[in-house]
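Here's the structure, in structure tokens; my notes come after.
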Amino acid sequence: MSELASRERLRIAVQKSGRLGDPARDLLTRCGLNFRQSRDKLFCFGESMPIDLLLVRDDDMPGLIAGGVCDLAIVGRNVLQEYALGHAGDSPFSELRALGFGGCRLSIALPQEIAWCDARQLAGQRIATSYPNLLGDWLRRSQVEARIVELSGSVEIAPRLGTADLICDLVSSGATLVANQLAEVATVMNSEAVLAGAATTPIDERGDLLELLLRRLDGVLNVRESRLILLQAPRAALADISDLLPGKPRPLVTSIEGSPDQISLQAVCSGQIGWADLEAMRRVGAHAMLVLPVEKMLS
Ligand code: PRP
Ligand code: ZN
């Protein structure tokens, strides 16, 4: 691998168009980064921190990291594993964080009119995919010999064009399959967006920047599902209410001036607080309940 040039700015690859681009940039914004986009829309200069974005196709990201062009990428785990299977022996990147969005699966899909029994019926069939390594691995594990037709895009129309009998492609909402009269029949792998980096941390300024970014990212990811609850209740109901708080956090309890039997309670709950939770707390005496989203947390 080429000697990585020493750089002072960290460079993150983000999907140019597609499902992961917007949520990825949104997440980085919540980490305090903001960007000015170049006229050709391929590069975003970091204005608040020396962290820039390169807007690229997701399939190019593993190569950009391996070649030292980018330090990080926000990319589907499926893309990383496809690359890793094709480069056995060296693993040029590591998965730093799972990001909790972009959930999807790589699935086998057949034209709707064909009935599905099991993987054995795929023997001798032509399967169109952009993920030949992941599919090949799954076929081997399923002990099926089929023909892989590698396509870089528009996989879903291959059966109609007659270039393949079925497909193996990413499915998120399922809308693309329905629009192409295909039915999902088996899952090859589950995937989501991850933050990937080189296997070794850069030892120049970028190492410190990466550490700072990861700390902020954890601050955002950890509270994403958290809610702050505020309520009032009779002091006697404290134990019952504490039991009902999702995730059983230790609440902060204060007395209410002039009402010795009443308390005010606040707690950060890990997880959503639904109407049913609030109604249960109300039944044991809570009132004036407020639920607020948590934006960031630093301890
Ligand atoms: C995937 C896949 C389908 C689409 C499925 O594309 O190739 O086209 O998403 O989504 P749906 O089930 O919600 O309809 P992706 O966003 O990964 O872009 P790319 O294939 O161009 O990289
Ligand atoms: Zn892609």
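Any residue at all in the range 198-215 that is exposed (fewer than 15 other Cβ atoms within 10 Å of the Cβ), within 16 Å of ligand 2 (Cβ to nearest atom) and not β-branched (Val, Ile, Thr)?
For the range 198-215, residues exposed (fewer than 15 other Cβ atoms within 10 Å of the Cβ), within 16 Å of ligand 2 (Cβ to nearest atom) and not β-branched (Val, Ile, Thr): absent.
Which of (1) part of a loop (DSSP other than H, G, I, E, B); (2) crowded, with 16+ Cβ neighbours inside 10 Å does residue 40 not meet, given it meets every other one?
(2)
Name the single residue, out of those in the range 224-241 being among the basic types (Lys, Arg) and closer than 16 Å to residue 269 by Cα, that is most open to solvent (accessible area, probe 1.4 Å).
224
So which residues in the range 146-181 are open to solvent by 40 Å² or more (accessible area, probe 1.4 Å), β-branched (Val, Ile, Thr) and within 6 Å of ligand 1 (Cβ to nearest atom)?
176
Looking at (1) touching a Pro at 6+ places or on another chain (Cβ under 8 Å); (2) under 19 Å from residue 214 (Cα atoms), find the lone condition where residue 62 falls short.
For residue 62, the failing item is (2).
If the Cβ limit is 6 Å and pairs must be 6+ apart or interchain, which residue in the range 60-87 that is under 11 Å from residue 14 (Cα atoms) and of a type outside the set (Lys, Arg) pairs with which residue that is in a helix (DSSP H, G or I) and away from ligand 2 (no atom under 12 Å from the Cβ)?
70/64; 73/65; 74/24
Would you mind stating whether residue 244 is open to solvent by 70 Å² or more (accessible area, probe 1.4 Å), over 27 Å from the mean Cα position of the chain (by Cα) and hydrophobic (A, V, I, L, M, F, W, C)?
Spelling it out, it is not the case that residue 244 is open to solvent by 70 Å² or more (accessible area, probe 1.4 Å), over 27 Å from the mean Cα position of the chain (by Cα) and hydrophobic (A, V, I, L, M, F, W, C).
Which strands (runs of 3 or more DSSP E) sit wholly inside the range 67-181 and have at least 2 residues that are over 22 Å from the mean Cα position of the chain (by Cα)? Give the derivation first.
On the way: elements: 72-76, 93-98, 104-111, 126-129, 147-150, 166-171.
In the range 67-181, 104-111, 126-129, 147-150, 166-171 are the strands (runs of 3 or more DSSP E) which contain 2 or more residues that are over 22 Å from the mean Cα position of the chain (by Cα).
List pairs: first in the range 148-169 and at negative phi and more than 16 Å from ligand 2 (Cβ to nearest atom), second open to solvent by less than 40 Å² (accessible area, probe 1.4 Å) and part of a helix (DSSP H, G or I), Cβ under 7 Å, 6+ apart or cross-chain?
148/132; 148/135; 148/136; 149/158; 164/158; 165/159; 166/159
State yes or no: is residue 289 in contact (Cβ under 8 Å) with a residue 12 or more places away in the chain and in a strand (DSSP E or B)?
When the stated conditions are applied, residue 289 passes them.
Looking at the range 258-289 only, could you name the residues that are under 24 Å from residue 219 (Cα atoms) and open to solvent by 70 Å² or more (accessible area, probe 1.4 Å)?
Result: 266, 270, 272.
Of all the residues that make up the range 65-104, how many are more than 13 Å from ligand 1 (Cβ to nearest atom) and surrounded by fewer than 19 Cβ atoms within 10 Å (Cβ to Cβ)?
The qualifying residues number 17.
The values are calculated or read from the model by the stated rules, or taken from the named source; none is laboratory data. What you see is a predicted model, and the numbers here were worked out from it, not measured in a lab. Positions of Cβ are backbone-derived with ideal geometry, glycine not excepted, and every protein chain shown enters the neighbour counts. Accessible surface areas use protein heavy atoms only, side chains included; no ligands, DNA or RNA. Shrake-Rupley method; radii C 1.70, N 1.55, O 1.52, S 1.80 Å.
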